[in-house]
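To start, the structure itself, in structure tokens.
Only the coordinates and a few stated rules stand behind these numbers; no lab work does. Small disclaimer: the values here were computed from a predicted structure and weren't measured. For neighbour counting, all protein chains shown are included, and Cβ atoms are generated from backbone atoms with ideal geometry for every residue, glycine included.
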Amino acid sequence: MSKKPYVENPIEQYFVNPIFDRTGYNAVNTLTYAAIALLSLYIVWRLLKANNFNFAGREFLYGTAAFVLLGSTSRVLTDLSDAGAIKAAAMQGGSLGQLYAALDSSDLFHYGYLTVSPGIYIVTALLFLLSIGAGMKMKKPMFPAYAGIALWLPCLLLMLPFMVNFAYLLLAVALAGIASFAAFSALRKFGKIELGLHHKLAIAGQSLDGAATYVVIDIFGKLSGKGYFEQHVLSAGIGESTPLGFGLFFAVKVALAAAIVYLVGKEDMGEKDRALVLIVVAIMGFAPGMRDLLRMLCGT
């Protein structure tokens with residue numbers, strides 16, 4: 001009796017296999033992840049708002065920054081592990097080699113559901129929310145920032161020996177800075193908007209993501225011979241649709257961020273809610289942008 005041919009189920013086809021085949025996102029999982037993220041954000045917003053949480057406070061901003069760094073750095077450590085760099089470092093001997101050997105054998109950053117996108121960012125977000133809850137319970141609003149930094153610093157130290165491509169990093173940061181300054185100026189002159197810190201961070205985050213993608217794929221990737229590609233469906237479509245390459249994607253990101261900041265600035269909403277919206281926009285830029293920059297810095 002012949003066996004029935006194996007039919008790949010939708011969960012494997014759209015969610016599981018893209019992770020382990022390293023093919024990036026597709027339309028189905030992108031829309032699904034986006035819907036889950038929006039629903040989760042709404043639930044968290046309602047719960048924290050019911051407890052009079054201050055989204056506009058510096059404590060929330062510092063905590064967010066610390067956990068964004070943690071998520072991006074952890075993701076790049078997974079890239080280093082997947083590329084064999086951690087295992088190679090473990091074979092160099094000495095106390096440093098023993099440290100990387102222990103890290104490699106721990107499976108902490110081995111490629112898997114919880115160490116790559118979107119899993120790594122879900123884990124990071126849950127840790128951030130737990131730290132917020134603990135901080136509220138202890139009446140210490142800065143606890144999330146301290147907790148995030150305490151978790152991030154060891155990851156950064158583990159990554160330091162692999163950092164080499166600083167010139168490309170500086171190029172991306174410089175391009176992001178120029179684009180951000182141009183957007184700030186345009187909004188002040190033509191939009192008549194007084195930009196606060198949260199407005200600037202939203203634009204800066206998206207500018208960094210756009211600049212990092214452009215430099216990594218169109219400059220560093222081509223010069224180094226590494227086959228970098230954009231994992232997100234819409235972003236890839238923009239970056240690959242014209243001879244401008246991901247320079248167009250960079251421009252679109254900056255323009256879109258400026259438009260969002262303009263609309264949010266004109267919207268009649270409370271200061272705390274406005275701050276949350278702008279911080280979310282900033283996170284959506286800084287998180288992938290930092291990951292791209294750190295991965296390029298380490299050459300993985």
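With a sphere of radius 13 Å drawn around the Cβ of residue 283, what net charge do the other residues whose Cβ falls strictly inside it have (Lys, Arg +1; Asp, Glu -1)? That sum, taken over residues with Cβ under 13 Å, equals 0.
Let me make sure I get this right: for segment 165-300, a, b and c are the square roots of the gyration tensor eigenvalues over alpha carbons, sorted descending. Under 1.5 in a/c it's rounded, otherwise prolate if a/b > b/c, else oblate. Which is it? It is prolate, given that a/c is not under 1.5 and a/b is the larger ratio. Around residue 207, what is the net charge, scoring Lys/Arg as +1 and Asp/Glu as -1 over all other residues with Cβ under 15 Å from its Cβ? Here the charged neighbours net out to 0.
Applying a DSSP loop filter and a limit of 12 other Cβ atoms within 10 Å to the trypsin sites (Lys or Arg not before Pro) in segment 127-220 leaves 139, 192.
Stretched out fully, how many nm does the piece from residue 108 to residue 263 gain, at 0.36 nm a residue minus the Cα gap? If you can, show how the numbers build up before the last one.
Values: separation 155, 0.36 × 155 = 55.80 nm, distance 4.18 nm.
51.6 nm is the gain from fully extending residue 108 to residue 263.
Listing 59, 230, 12, 194 from the residue with the fewest other Cβ atoms within 10 Å to the one with the most, what is the order? List each step's numbers first, then the result.
Values: 59 17, 230 20, 12 12, 194 9.
In increasing order of surrounding Cβ atoms, one gets 194, 12, 59, 230.
Rounded to 0.05, the FRET efficiency of the residue 35 and residue 192 pair, given R0 = 45 Å and the Cβ-Cβ distance, is 0.80.
Sort the chain into rounded, prolate or oblate with this rule: let a ≥ b ≥ c be the square roots of the eigenvalues of the Cα gyration tensor; rounded if a/c is under 1.5, and if a/c is not under 1.5, prolate when a/b is larger than b/c, oblate otherwise. Since a/c stays below 1.5, the shape of the chain is classed as rounded.
Calculated FRET efficiency, residue 138 to residue 271, Cβ-Cβ distance, R0 = 35 Å: about 0.85 to the nearest 0.05.
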